[in-house]
Every structure is written in structure tokens, then in C-alpha cells.
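Everything below concerns the one structure shown next.
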């Protein structure tokens, strides 16, 4: 089965997971596999590492631009709202689709993230089967149904050019 959003494209979609909890990283990787999502899942462990990756700074200069970001609310050094505010403030990054993927059911936090212009706020299901289904739905929508932005000079924009 072709990955959603990859027909005619030369590279797999890149999903950036900003998550500091190692167990949640492993569960997300396994959920992507079980959901059949053929995406390159890249992981950053805190908000500063996330911004370095997105801004292609230092060791991240040659990293591919993500097509989608899954952002945790509570991370060290910069938390989810701080990362989201920086993304929105950046003319280069503000078109990046961001799905907040969190354990927090706090409605005020959800409101705050939508006010910061996140694209979705998803509470991680507790049961693994439900988490796999949530990842399948997120992946199918963002990597298959939605038209994603292309990045100037990125591999995606070069490979999708006619």
C-alpha cells in the first residue's frame, strides 16, 4: 500500500514528533507502523531541539522539512505553547501543519493552543488500539487528504514539481 500523500512523490512524507517522554515516542513509532503509515517519523526531545530542527540550525541544517508536526504540550526548555508561538511568529514556518498530541484534557490549554493557531488538538487515547486508530486518522487526513504546503528549496517541492 502506498503511503498517504506520496503518490507521484519521490520521498516519503516527514512527520516531526516533538515529545520528551521516551515511552510516548516508542508508542507513537509503533502506532505509526501498526497504522500502516509510511512516513519518516523524526523525533525531537524538547522545545529548543524542536526549534533548531525547524530552523535548520547547526547539526539540523540538512534535515528535511517536516510535512506535519506532532507537538506535545509539556516539554523541557520550551513547552508546546512556546514552540507554537515561535512557529506562528516565523514567516517561514507558520504554514507548517501542527497537531498538538497530548495527554492533557485541560480545555484552557486546548483553547490556548487554538488561539496560537494549531491545526488540531488531540488528546492521546489511553488504550493502545485507540491510539493506533487516532494515528491512522491523523496520518490519513494530513498525509493523504489535505494539501500540504511545499517548502522553498525542499526535497518535497523539487520532487513534486512537474
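The values are calculated or read from the model by the stated rules, or taken from the named source; none is laboratory data. Treat the numbers as computed from the prediction; the structure is a model and nothing was measured. Every residue, glycine among them, receives a Cβ derived from its backbone with ideal geometry; neighbour counts consider all protein chains shown.
Tabulated results
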{"item": "Whichever residue in segment 37-55 is within 12 Å of residue 75 (Cα to Cα) and in contact with a helix residue (DSSP H, G or I) (Cβ under 6 Å, 6 or more places away or on another chain) and, among such residues, is surrounded by the fewest Cβ atoms within 10 Å (Cβ to Cβ)", "result": "47"}
{"item": "Residues of segment 103-120 classified as at pLDDT 95 or above, out of contact with any strand residue (DSSP E or B) (no Cβ under 6 Å at 6 or more places or on another chain) and either in a helix (DSSP H, G or I) or more than 21 Å from residue 89 (Cβ to Cβ) (or both), total", "result": "7"}
{"item": "Members of segment 12-35 that are in contact with a helix residue (DSSP H, G or I) (Cβ under 7 Å, 6 or more places away or on another chain) and surrounded by fewer than 18 Cβ atoms within 10 Å (Cβ to Cβ)", "result": "27, 34"}
{"item": "Failed condition for residue 129, given (1) modelled with pLDDT of 95 or more; (2) closer than 20 Å to residue 23 by Cβ; (3) surrounded by fewer than 18 Cβ atoms within 10 Å (Cβ to Cβ); (4) touching a helix residue (DSSP H, G or I) at 6+ places or on another chain (Cβ under 8 Å)", "result": "(4)"}
{"item": "Residue that is modelled with the lowest pLDDT [pool: residues in segment 140-162 that are surrounded by 18 or more Cβ atoms within 10 Å (Cβ to Cβ) and farther than 20 Å from residue 113 by Cβ]", "result": "156"}
{"item": "Residue tally, condition free of Cβ contacts under 8 Å to residues at least 60 places away in the same chain and closer than 24 Å to residue 38 by Cα, over segment 111-133", "result": "11"}
{"item": "Of all residues making up segment 36-92, the number that are part of a loop (DSSP other than H, G, I, E, B) and either within 12 Å of the chain's Cα centre (by Cα) or over 23 Å from residue 135 (Cβ atoms) (or both)", "result": "16"}
